[in-house]
Every structure is written in C-alpha cells, then in structure tokens.
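Step one of this worksheet: look at the structure below.
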Amino acid sequence: SLKEKIKGIKAFAFDIDGVLTDGGILATLDGELLRTFDAKDGFALRMASMKGYHLAIITGGRSESIRKRFRTCGIKEEDVYLGSRVKIDDFDDFCRRHGISHDEVMYFGDDLPDIPVMQACGCGVCPSDAVDDVLGIADIISSRPGGKGCAREILEKVMRLQGKWILDVQEYKRHF
C-alpha cells in the first residue's frame, strides 16, 4: 500500500525546474540563469535534513547557484547532481553512496527525464502541473504546482506520518 511505502522512506530526491521552481528561468545578459524558489519548500528540506533523511538534487540545470541554494537547506554538495542527463545513473550513485535501496527514496519529478527515476524509486511524486506522462505514472500528485509548495506539502505529510514533523527550535538554531 502507499501508506506502507511512505513509512519506509529514508531519503528524498528532487528535480529542480518545474518541481522546486515554477519552471520559469530568467537569463541575464552574461548568461547566468536565475530561478525563484519557494521558502516553504526550503524550510521543509531543512526539517528533513535535521531529522536525518538523505537529500539529493538531480537536475539538468548547471548553475552553481543551485548548489549554493540547497547548501542552505542542509543538502550536501556531493548530493547535488548538476547537468544530469541520465538521471537514473545519478540516482543509483546517490543510493549506493548512502547505502539505501531505491525503495527507500521518494523522488519528485515533473517531466520526461524524471520518469525512469520515478519508476525505480519507492514513491514517485509530481506537482499538479507536471506533464501528462508523469501525471500518469506518479504514485502521488501534489495538489500544488511546481515551485509553489508542492515539496513542502508532501514532505510534511511523509514526516507527519513517520512522527518526525516536530520543530525543535534549539536543534534548528544549531543546524541553521
């Protein structure tokens, strides 16, 4: 059952564009690509990091700003995969390095390159505005679109189900 799958989750992995952003990219004159992230998603990532979940970013994006953004959320530099073209390979590497099985990972994706990982992981999640092919295979479809709290919604539900959605402000202060 889905509830049993969720109880076994020990890690979360995320695509960026269209999941942790709304998919909009602003290009500067010097070629830097700028993205907007939801602060509530960021807080949920911090909570997951504090509670001992392994976290990964697996994105086709190449901007170092992505690595910097997610460092502030407690994601280790080696768990941010930039320029990922075959996401399943990076997903396999993440699982191997942390000694976790595919079944213990919840993956958030929204477009065709995410499908192999969504099919391999323990629970595939997508935002409400994912492409049709992804909507058709996701285990969970967030009620929220990409970049507008879809990660927060599902992370909070998973952590509540596992009894881990509890903020200790002193612990938070120590970590962040």
Please compute the contact order of the chain in relative form: average sequence separation of alpha-carbon pairs under 8 Å and at least six residues apart, divided by the residue count, as a percent.
27 percent
Considering only protein heavy atoms, what per residue accessible area in square angstrom results for the chain with a 1.4 angstrom probe?
48 Å²
Only Lys, Arg (+1) and Asp, Glu (-1) charged, at Cβ; the chain dipole about Cα centre in debye
900 debye
Average projected area of the Cα convex hull of the range 1-55, in nm²?
5.0 nm²
Tell me the Kirkwood hydrodynamic radius of the chain in angstroms, computed as one over the mean inverse distance between distinct C-alpha pairs.
16.0 Å
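How large is Rg over Rh for the range 69-119, taking Rg from the Cα atoms and Rh as the Kirkwood inverse mean of 1/r across Cα pairs?
Using only Cα positions, Rg/Rh for the range 69-119 is 0.95.
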Report, in deg cm²/dmol and to the nearest 500, the calculated mean residue ellipticity at 222 nm for the chain, where each DSSP H run with n ≥ 4 adds -39500 (n - 2.57) and the sum is divided by the residue count.
-10500 deg cm²/dmol
For a Förster distance of 35 Å, can you work out the FRET efficiency between the beta-carbons of I166 and E77, rounded to the nearest 0.05?
0.80
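The values are calculated or read from the model by the stated rules, or taken from the named source; none is laboratory data. Keep in mind it's a predicted model, so treat the numbers as computed, not measured. FYI the Cβ positions are ideal-geometry reconstructions off the backbone, even for glycines, and counts take in every protein chain you see. What goes into the accessible areas is simple: the full protein's heavy atoms, side chains included, and nothing from ligands, DNA or RNA. Shrake-Rupley method; radii C 1.70, N 1.55, O 1.52, S 1.80 Å.
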